[in-house]
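Okay, so here's the structure we're looking at.
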Amino acid sequence: MDWASAVGLDTLCITASYHSGWLVQPHHPTRRLRWSESGAAYFHPTAALYSDTCLRPPVASCAAEVDYLRQAADLTKAAGLNLVAWTVGAHNTRLGVAFPHLTQHDAYGDSLPHALSLGHDDTRHYLKALVRDIAVNYSPYAIQLEGFQWHSVRHNHAHERDLVGLSELEQKLLSLCFNPETMRKAEAAGIDACAARQAVKSTLDLAFAHAPARPPHYPQTMDELEARNPELQRYRAFLSQLAESVIAEIYEDSLRHSSCKLYLQSRFTPSLRRSCDGFAIWAYGLPPEQLYDSVSSEMATLPDDWHGEYHCYIRLGLGIPNSPEQLHELLSAAKSAGATGVYLYNYSEAPPAMLGWLQAALQRL
């Protein structure tokens, strides 16, 4: 906390819940590699809030005795820093393995163990309770949501193999959720979910049967496939509505009687403009000129009556920034392009030399 204050930061974004990672930590005092515990929460949940769901936040073993989010809330307040609780939701392999019936299911009925289904009420109640728990009991300045959306079949949490050579379209099709509860909700909305599922299966079956080639007249894009299968188009639109309705319910219910803001790790989404306080744009690995163009182009798309926040994410590592001067140029570019704030990713993994460049770069803004 002293370091953050000294270099001129005004906010720390600290993990409340996370999926997992195999991390190189170049300035940790005792080790250099860390495997973070899968699907773990770093706070002490209030059990009563989860009465409508069978899911509970799995508390990390290191946080069993020490409530790290409580410590973070107290210390950031004492240091005059804002606390943003970085909260990962439906991306949870630990819960997915324990409750496979609550995960996304592909068109063949296979579980995506890393992805809880937003079409299942247990998942939806869990996500709302998770945010409510943090907002009410820890009073952060804001909660930043990650993984509160549908997830891809690609996850990289194991040695993933695909000798078929799935195209981008085929990966999207294999990622579509056909959990029975998701399909039931779609059917209740007047959508033929079975027809949508059959369209996906038929297309993927052709890919599996003809790989490495594809048969004549095989669809190349989702638009092409949906033009042939209108119910698939309607089903995918319904899935988008399910995901957006979770965010809207969180904003309406989970933050009720709270001063906590809600940030999304996504670009501006018109349909969510009333359901959050801030969006974000990633600029990882971009030099200053490209960062400026990317952010300014995004800001130009915002409606005049949008007065929320728009953050720019800059990664400290992998060659950019490559000098103290370039770090200053990146921060200046984000500011001049209209970003309302910059998130620097991240303290524990960043080379210590880059962290040492921050104070001078911020002072020159």
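Every number here is computed from the coordinates shown, using simple stated rules; none is lab data. Computed from a predicted structure; not experimentally measured. For neighbour counting, all protein chains shown are included, and Cβ atoms are generated from backbone atoms with ideal geometry for every residue, glycine included.
Brief remarks follow.
- Helix 68-79 vs. the chain, principal-axis angle (Cα, 0 to 90°, nearest 10): 40
- Count, lysine Cα pairs under 19 Å in the chain, 8 or more residues apart or across chains: 4
- Potential extension, ALA48-ASP121 segment - 0.36 nm per residue separation minus Cα distance: 24.6 nm
- Relative contact order computed over the chain (Cα-Cα under 8 Å; 6+ residues apart), in percent: 15
- Backbone geometry of the stretch 263-270 corresponds, through the Karplus equation with coefficients 6.51, -1.76 and 1.60 at θ = phi - 60°, to 3J(HN,Hα) couplings of 10, 10, 8, 8, 5, 4, 10, x Hz, x marking Gly and Pro.
- Within the shell of other residues whose beta carbon sits under 14 angstrom from the beta carbon of ARG214, the net charge comes to -4, with Lys and Arg scored +1 and Asp and Glu -1.
- Length released on extending from ASN346 to LEU302, taking residue separation times 0.36 nm less the Cα-Cα span: 13.1 nm
- Cα-based shape type of the stretch 222-344, given that a ≥ b ≥ c are square roots of the gyration tensor eigenvalues and the cut on a/c is 1.5: oblate
- For the stretch 101-189: rounded, prolate or oblate by the Cα gyration tensor [a/c cutoff 1.5]: oblate
- Relative packing of 261-272, 54-65, 212-223, which averages over residues the other C-beta atoms within 10 Å, highest first: 261-272, 54-65, 212-223
- With an a/c value of 1.5 or above and a/b not larger than b/c for the gyration tensor axes a ≥ b ≥ c computed over the alpha-carbon atoms, the stretch 323-365 is described as oblate.
- Cα centroid separation - the stretch 28-63 against the stretch 205-259, whole Å: 30
- Cα lying deepest toward the dipole's positive end in the stretch 76-179, options VAL97, VAL153, LEU176, charges on Cβ: VAL97
- Rough spin-label spacing in nm, given labels placed 7 Å along Cα→Cβ, for TYR284 and HIS159: 2.5
- For a paramagnetic label modelled on ALA237 (point 7 Å from Cα along Cα→Cβ), amide N atoms under 15 Å away belong, within the stretch 167-194, to 186-187, 189-193.
- A simple packing score, the average count of other Cβ atoms within 10 Å per residue, orders the peptides 337-344, 17-24 as 337-344, 17-24, with the highest score first.
- Were the residues from GLN363 through GLN198 laid out at 0.36 nm apart, the gain over their Cα-Cα distance would be 53.5 nm.
- Placing unit charges on the Cβ atoms of the charged side chains and taking the dipole of the stretch 216-365 about its Cα centre, the candidate lying farthest along the positive direction among SER259, PRO352, SER323 is PRO352.
- Nearest 10 degrees, 0 to 90: helix 193-210 Cα axis against the chain principal axis: 90
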